[in-house]
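Scroll down for the structure; my scribbles are underneath it.
The values are calculated or read from the model by the stated rules, or taken from the named source; none is laboratory data. Computed from a prediction, not measured in an experiment: that's the story for all the values here. Virtual Cβ from ideal backbone geometry, glycine too; neighbours counted across all protein chains shown. Calculation scope for accessible area: heavy atoms of the full protein, side chains included, ligands and nucleic acids excluded. Shrake-Rupley method; radii C 1.70, N 1.55, O 1.52, S 1.80 Å.
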Amino acid sequence: MQAATSTVDPAEVAKFEAMAAEWWDPHGKFKPLHMMNPIRLDYITRQVAAEFGRDLTAPAPFAGLRILDIGCGGGLLSEPMARLGAAVVGADAAEGNIPVARLHAEVQGLAIDYRHTTAEALAAAGEVFDVVLAMEIVEHVADPQAFLSTCQTLMKPGGLLVASTINRNPKSFMMAIVGAEWVMRWLPKGTHDWARFITPDELAGFLRGAGLDPVDRRGFVFNPVSWTWGVSDRDLSVNYVMAGLRRA
């Protein structure tokens with residue numbers, strides 16, 4: 001199923017395959033994503049609405065849009081996109097994630113095209129999308145530049161890419177690894193490799209190298225007092241997100 005030039009890292013895939021059954025447990029190993037999901041969705045929906053001139057207060061505002069959620073996991077983003085009216089393809093290299101995602105979507109009455117496949121295989125098949133979501137995946141692929149270049153080929157002219165990842169600095173080591181994995185035990189130890197984290201300038205460079213125009217960047221910031229996540233225009237020191245456009 002995977003193309004010869006796949007950027008999939010089997011060791012990274014195996015980490016998430018081992019946790020597949022817990023995707024929809026808000027208190028399980030994916031608790032950080034459940035906590036962060038509302039602000040991820042707010043950012044994504046605002047970017048999509050702005051780029052494609054959609055009114056988020058209208059019924060099914062994303063009707064007519066085809067969205068790829070690459071590295072979809074259990075469908076935490078695919079499902080809201082489908083509820084907003086988009087035609088959604090959820091793709092993941094971890095085979096165990098797909099039946100979990102399919103079953104949950106079926107129970108919710110949502111028609112989502114979930115596939116055990118890779119970005120490269122989708123590109124080789126000639127698939128194209130209005131929007132590509134690459135959330136919390138870039139730091140797990142073998143070659144970020146090649147992966148994002150593949151994402152660009154999956155985008156229609158005028159298409160939108162939204163990618164989130166983790167910055168690489170001492171603070172991100174303390175927060176994302178020591179804090180999240182060692183102290184809070186939100187994730188199993190070894191889920192993330194600090195050396196594979198990507199700075200915002202590096203990600204912007206990868207996007208430009210892929211023929212995309214970075215148009216926005218924001219931080220996802222955890223407040224330990226209120227125990228909530230927020231979006232910041234300035235603080236990209238740990239988790240952050242970036243939007244890029246394919247102009248032609």
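The table below lists the values:
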{"item": "Largest to smallest accessible area among His140, His27, His104 [probe 1.4 Å]", "result": "His27, His104, His140"}
{"item": "Unit charges at the beta carbon, dipole of the chain: most positive-side option, Leu207, Ala49, Met19", "result": "Ala49"}
{"item": "Highest to lowest packing among 146-153, 223-230, 44-51, 73-80, scored as the average C-beta count within 10 Å", "result": "73-80, 146-153, 44-51, 223-230"}
{"item": "Computed FRET value (nearest 0.05) for Ala58 with His116, which takes r as the C-beta separation and R₀ as 30 Å", "result": "0.35"}
{"item": "The stretch 143-154 - phi-based ³J(HN,Hα) in whole Hz, Karplus 6.51/-1.76/1.60, Gly and Pro as x", "result": "9, x, 5, 5, 4, 5, 5, 5, 4, 5, 5, 7"}
{"item": "Within the stretch 10-30, backbone nitrogen closer than 11 Å to the virtual label 7 Å beyond the Cα of Gln108 toward Cβ", "result": "24"}
{"item": "Which of Ala91, Ala111, Pro61, positive extreme of dipole for the chain (C-beta unit charges)", "result": "Pro61"}
{"item": "Lys/Arg +1, Asp/Glu -1 at C-beta; the chain dipole; positive extreme among His140, Gly219, Ile198", "result": "Gly219"}
{"item": "Under the Karplus curve 6.51 cos²θ - 1.76 cosθ + 1.60, θ = phi - 60°, whole-Hz ³J(HN,Hα) for the stretch 224-231, x wherever Gly or Pro sits", "result": "x, 7, 7, 6, 9, 9, x, 9"}
{"item": "Net charge dipole size for the chain [Lys, Arg +1 and Asp, Glu -1 on Cβ; Debye, nearest 20]", "result": "420"}
{"item": "Order of exposure, largest accessible area first, which applies to Arg54, Arg83 with probe 1.4 Å", "result": "Arg83, Arg54"}
{"item": "For Arg168, net neighbour charge (Lys/Arg +1, Asp/Glu -1) across residues whose Cβ lies under 12 Å away", "result": "-2"}
{"item": "Stretch gain in nm, segment Glu17-Asn169, where the contour uses 0.36 nm per residue and the Cα spacing is subtracted", "result": "51.9 nm"}
{"item": "Entry for semi-axes √(5λ) of the Cα gyration tensor in Å (calculated from the structure that is shown) out of (i) 24, 21, 20; (ii) 31, 21, 18; (iii) 35, 18, 16", "result": "(i)"}
{"item": "Cross-link partners of Lys15 among lysines (Cα-Cα below 19 Å; sequence separation of 8 or more within a chain)", "result": "Lys29, Lys31, Lys189"}
{"item": "J(HN,Hα) series, the stretch 43-51, from Karplus relation 6.51 cos²θ - 1.76 cosθ + 1.60, nearest Hz, glycine and proline x", "result": "5, 4, 5, 5, 5, 5, 4, 5, 5"}
{"item": "Met175 - accessible surface, heavy atoms, 1.4 Å probe, Å² rounded to 10", "result": "90"}
